[in-house]
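**Student:** Questions regarding the structure given below will be posed in turn.
The values are calculated or read from the model by the stated rules, or taken from the named source; none is laboratory data. As the structure is a prediction and not an experimental result, all values here were calculated from the model. Reconstructed Cβ throughout: ideal geometry from the backbone, glycine too, with neighbour counts over all protein chains shown. Heads up: the accessible areas ignore ligands, DNA and RNA and are worked out on the full protein's heavy atoms, side chains in. Shrake-Rupley method; radii C 1.70, N 1.55, O 1.52, S 1.80 Å.
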Amino acid sequence: MIPEQLKSALAEHVATSITRREAAVTVMKELQRHYGWLTDEAVGEAAGLLDLSPLEVEELATFYDMIYRRPVGRRVIHVCDSISCWAMGGESLLSQLAARLSVPVGGTDAEGVFTLLPCSCLGNCGEAPTMMVGEDFYGRLTLETAMEILERERAIQKPESQKPES
């Protein structure tokens, strides 16, 4: 169940939107942020807030690459596989990251830190190949620079009890 404060904020967003469908992505993303992914419960809550059927919310949720209808890691890695990124080595980068992270494309690592997903376009073609970690974009990647970024991300995601003393 979502906290009353979040529910009120989302209801206000819906009320000030031109259409309910316009508000849907924001509502789904905020519920996803709360739950970690868009759970079945969240789909029902979104439907209630948007005055749509759960099926209509489901249809919208499955259309967007960045709405997750199953559990994901604490950090989702989207590797662009558009033509620009592909031409600059994005496909190779994706498979190399999968091997280095020991996580299948579309899967989550054993620690629950990273989920690795291809993405049809991140809109950063001039910086190909590109990946997005969480909401942060990184471009002109090599395997080495991508791994450096992910090691920093992994360190940030460790529970406090596992972080080295400063």
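**Student:** With each run of n ≥ 4 DSSP H residues scored as -39500 (n - 2.57), what mean residue ellipticity at 222 nm is computed for the chain after dividing by its residue count and rounding to the nearest 500 deg cm²/dmol?
**Tutor:** -15000 deg cm²/dmol
**Student:** Could you compute the net charge surrounding residue 121? Neighbours are other residues with a C-beta less than 15 Å from the C-beta of residue 121; K and R count +1, D and E count -1.
**Tutor:** With Lys, Arg at +1 and Asp, Glu at -1, the net is -4.
**Student:** How large a share of the accessible area of segment 1-156, in percent, is made up of carbon and sulfur atoms when the probe is 1.4 Å and the other protein chains stay in place?
**Tutor:** Answer for segment 1-156: carbon and sulfur cover 55 percent of the accessible area.
**Student:** Report the charge-dipole magnitude of the chain in Debye, nearest 20, computed about the Cα centre from +1 at each Lys and Arg Cβ and -1 at each Asp and Glu Cβ.
**Tutor:** Dipole size: approximately 240 debye.
**Student:** Which net charge results for the neighbourhood of residue 30, defined as the other residues with beta-carbon distances under 11 angstrom from its beta-carbon, given Lys and Arg at +1 and Asp and Glu at -1?
**Tutor:** +2
**Student:** Counting pairs of alpha carbon atoms under 8 Å apart in space and at least six apart in sequence, what relative contact order in percent does segment 1-81 give?
**Tutor:** Contact order relative to length: 27 percent.
**Student:** From the mean inverse distance of alpha carbon pairs (Kirkwood) and the Cα radius of gyration, derive Rg over Rh for the chain.
**Tutor:** 1.02
**Student:** How much accessible area per residue does segment 27-104 have, counting only protein heavy atoms and a probe of 1.4 Å, in square angstrom?
**Tutor:** 50
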